[in-house]
1. Those residues that are touching a helix residue (DSSP H, G or I) at 6+ places or on another chain (Cβ under 8 Å) and either surrounded by fewer than 16 Cβ atoms within 10 Å (Cβ to Cβ) or at pLDDT 80 or above (or both), I need them from segment 183-205; list them, please.
2. Out of S22, S43, I need the residue that is at pLDDT below 85, small (G, A, S) and within 24 Å of A101 (Cβ to Cβ). Which one?
3. Residues T66, T61: which one is surrounded by 10 or more Cβ atoms within 10 Å (Cβ to Cβ) and modelled with pLDDT under 80?
4. So which residues in segment 93-109 are touching a helix residue (DSSP H, G or I) at 6+ places or on another chain (Cβ under 8 Å), in a strand (DSSP E or B) and at pLDDT 90 or above, if there are any at all?
5. Working carefully through the options K163, K149, find the one that is of a type outside the set (A, V, I, L, M, F, W, C) and surrounded by fewer than 16 Cβ atoms within 10 Å (Cβ to Cβ).
6. Looking only at segment 110-119, how many residues end up being in a strand (DSSP E or B) and touching a helix residue (DSSP H, G or I) at 6+ places or on another chain (Cβ under 9 Å)?
7. Checking S145 against (1) within 21 Å of N49 (Cβ to Cβ); (2) free of Cβ contacts under 8 Å to residues at least 24 places away in the same chain; (3) part of a helix (DSSP H, G or I), which single condition isn't satisfied?
8. Name the pairs whose Cβ atoms lie under 7 Å apart, with the first residue in segment 177-196 and over 15 Å from E41 (Cα atoms), the second surrounded by fewer than 17 Cβ atoms within 10 Å (Cβ to Cβ) and modelled with pLDDT of 70 or more, and 6 or more positions between them or separate chains?
Amino acid sequence: MRKRIISAVIIAVVALAVSSCSIINSILQQADELANLANCEYSLKNVSNLNIAGVNVKNITNGNITATDVLKLSSALLSKQVPLSMDVNIDIKNPTEKNAALTAMDWILDIDGKQFADGNSPKNYTVTKKATTTVPLGVNTDLYSMFSKDGINSLKNFVSSFKDDGTSSKVGLRIKPSLNVAGVQVPMPNYIKVEKKTGTNSSSTNTNTNTNTNYKTPKKG
């Protein structure tokens, strides 16, 4: 009986050891994917569903703003509310041979170099190796403070600055991806500046990472 008990204990210990090793390896793999996020490249793909004070900017081409559009913008200024809403789509390119895992992303919207909105995207994404994943960010803010001084002409010029894909040289975005380490959100040290200059080809996309990340993945033992 004693031998059977000892054998059972040994089997249990071995099973626990194997299970623990499996769990550790799984955690290490996740940590490796999270750390690999620092090696990805970020760029502004496009802006969609862009709406300013009830004006669908997509319908405005080469500065042709209708009288109805001007009326809507003027009314918004008079009411001291110029709401802007849009979906900003970020491309995350993984050039490495292993997956990367995104668990959250903080973002800041800049207009003419001034911060106008910020937020967080809490969704999880897997950025597959040697592939690009698009992450949408929903932006809602108010632009009244930007145009309260110069009035309707300044607002018209801003609306006219947007191109067919919704992008504008006046609009910039900063993002800070986060890593989920043992259930704790750990943001990257610095914001990544993401811009897409208009009036040029797609190769002019300007992405300034400057992450200076020091994430290290533990070696598998």
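1. Within segment 183-205, just K197 meets the criteria.
2. Numbers: S43 fails: at pLDDT below 85.
Among S22, S43, only S22 is at pLDDT below 85, small (G, A, S) and within 24 Å of A101 (Cβ to Cβ).
3. Details: T66 fails: modelled with pLDDT under 80.
Criteria check complete, one pass: T61.
4. Here is the first cut: in segment 93-109, the residues touching a helix residue (DSSP H, G or I) at 6+ places or on another chain (Cβ under 8 Å) are 94-96, 98-103.
Next cut, in a strand (DSSP E or B) only: 94, 100-102.
Hit for segment 93-109 is N94, nothing else.
5. Numbers: K163 fails: surrounded by fewer than 16 Cβ atoms within 10 Å (Cβ to Cβ).
Checking each option against the conditions leaves just K149.
6. First pass over segment 110-119, keeping only residues in a strand (DSSP E or B): 110-111, 114-119.
Subset that is touching a helix residue (DSSP H, G or I) at 6+ places or on another chain (Cβ under 9 Å): 111, 114, 116.
Here the count works out to 3.
7. That leaves (1) as the condition not met.
8. Final answer for the pair search is L179/V186.
The values are calculated or read from the model by the stated rules, or taken from the named source; none is laboratory data. Because the structure is a prediction, the values reported are computed rather than measured. We place every Cβ from the backbone using ideal geometry, glycine too, and count neighbours over all the protein chains shown.
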